[in-house]
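The values are calculated or read from the model by the stated rules, or taken from the named source; none is laboratory data. Because the structure is predicted, anything quoted here is derived from the model rather than measured. Cβ placement follows ideal geometry from the backbone for every residue including glycine, while neighbour counts extend to all protein chains displayed.
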Amino acid sequence: MKKISFITEDNIKLDGLLYKSEIVSNGVVISIHGMTSNCFKRRDDIFANEYIKNNISYFCFNNRGHDLTAFVDKYIDNKRTGVILGTSFEDALDSYYDITGAIKAMTDIGYEKIHLQGHSMGSIKIVYAYNKLKIENNTSVLNKISSVILLSLIDIVGIQKYSLKDKFDSILEYALEKEKDNKSNELMPKNAFLHPMSVKSYLRYFKHNEKIDFVKFSDENYDFEEFNNITVPIFMRWGNDNEMILQDVNKLVKLMNSKINNIHKNIGYIDGANHNYDEKELVLANEIISFLKTYN
């Protein structure tokens, strides 16, 4: 295991842990964690140990949305300063810089096959970043991505509307008024979300969200174009115990299999797993490894 630090295109310094397989490998899984999370989870240790046994390296890093709040180094004109980010203050669109920065860090080391693995909100960030690379025709980076692994993908807008019900519109209006008054860095009221979140972050997820609101599980007419833009093999899993989805997992898996046209797709669920795959990490890791061996 080796600590790796890198600086993103927008000058944010991020740190991670690279677990290197003993046998020289040209493939690495880059893990993108979800909200309030980080790269020090038990799941990361289990994944890393299983991957390196199978000659696959594993890089998990703290993206700018790690933990609830985080004081992150930023370099302006080669001078170090600090910005407060973390889940409560990040702009989800900036995840593009985190992901492309991590890809560059791994390719600079010598890895030729990049497997992007996201969990929860991290999965949304990967799909967004992949589509932005396509829009920009950034083939130099796209050609390095060999597969996309999406774990416990969530419909964050659908869940929020379901949780707040008739309060959703009034809370959104509150956020818009705060934005109008130049108070976007203030925190939203208690119970506006499941954890503290700034006005600017809240609006990114639930109002100014055209680029990331593409996980519309409840809209049977939605074409899931953003997922069909992914041309590399795609792996998707959920749990069926206390998972953050509104649908029956069997129906959700059936829906996604019917909507996603990728011929190298592997979509299913882990029986008995919760949103974090507690006690099911080994099962999930081995299913991912089997997928990687099949399509890569």
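Results for (1) free of Cβ contacts under 8 Å to residues at least 40 places away in the same chain; (2) small (Gly, Ala, Ser); (3) over 17 Å from LEU292 (Cα atoms), shown as yes or no for each residue.
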position: THR8; (1), (2), (3): no, no, yes
position: LEU14; (1), (2), (3): no, no, yes
position: VAL29; (1), (2), (3): no, no, no
position: ASN38; (1), (2), (3): yes, no, yes
position: PHE47; (1), (2), (3): no, no, no
position: LYS53; (1), (2), (3): yes, no, no
position: CYS60; (1), (2), (3): no, no, yes
*How many residues are under 17 Å from the mean Cα position of the chain (by Cα) and of a type in the set (Val, Ile, Thr) when one looks only at the range 217-231?*
1
*Please list, ordered by first then second residue, the pairs with beta carbon atoms under 8 Å, 6 or more apart or interchain, first in the range 141-159 and within 18 Å of TYR96 (Cβ to Cβ), second surrounded by fewer than 24 Cβ atoms within 10 Å (Cβ to Cβ) and at pLDDT below 95.*
LYS144/GLU112
*Does TYR128 qualify as being closer than 20 Å to ASN62 by Cβ, hydroxyl-bearing (Ser, Thr, Tyr) and in contact with a Phe, Trp or Tyr (Cβ under 8 Å, 6 or more places away or on another chain)?*
yes
*Residues (under 25 Å from HIS208 (Cα atoms), outside any strand (DSSP E or B) and either polar (S, T, N, Q) or free of Cβ contacts under 8 Å to residues at least 60 places away in the same chain (or both)) located in the range 69-98*: THR69, GLY86, THR87, SER88, SER95, TYR96
*Does PRO233 qualify as being closer than 30 Å to ILE56 by Cα and either outside the structural domain of SER57 (by TED's automatic domain parsing) or in contact with a strand residue (DSSP E or B) (Cβ under 6 Å, 6 or more places away or on another chain) (or both)?*
yes
*In the range 165-215, the residues that are touching a residue at least 40 places away in the same chain (Cβ under 8 Å), surrounded by 15 or more Cβ atoms within 10 Å (Cβ to Cβ) and not hydrophobic (A, V, I, L, M, F, W, C)*: PRO196, SER198, LYS200, SER201, ARG204, TYR205, ASN209, LYS211, ASP213
*All but one of (1) more than 23 Å from SER146 (Cβ to Cβ); (2) over 19 Å from the mean Cα position of the chain (by Cα); (3) outside any helix (DSSP H, G or I) hold for ASN274; which doesn't?*
(2)
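Matching residues to (1) assigned to a loop (DSSP other than H, G, I, E, B); (2) basic (Lys, Arg):
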site: HIS208; (1), (2): yes, no
site: ASN221; (1), (2): yes, no
site: PHE227; (1), (2): no, no
site: LEU246; (1), (2): yes, no
site: LYS254; (1), (2): no, yes
*Residue list for the range 265-296, restricted to those being of a type in the set (Val, Ile, Thr) and touching a Lys or Arg at 6+ places or on another chain (Cβ under 7 Å)*: ILE270
*Would you mention how many residues in the range 89-105 are of a type in the set (D, E, K, R) and within 13 Å of LEU116 (Cα to Cα)?*
2
_Residue in the range 1-25 that is nearest to the chain's Cα centre (by Cα), counting only those that are surrounded by fewer than 20 Cβ atoms within 10 Å (Cβ to Cβ) and closer than 17 Å to GLN117 by Cβ_ = LEU17
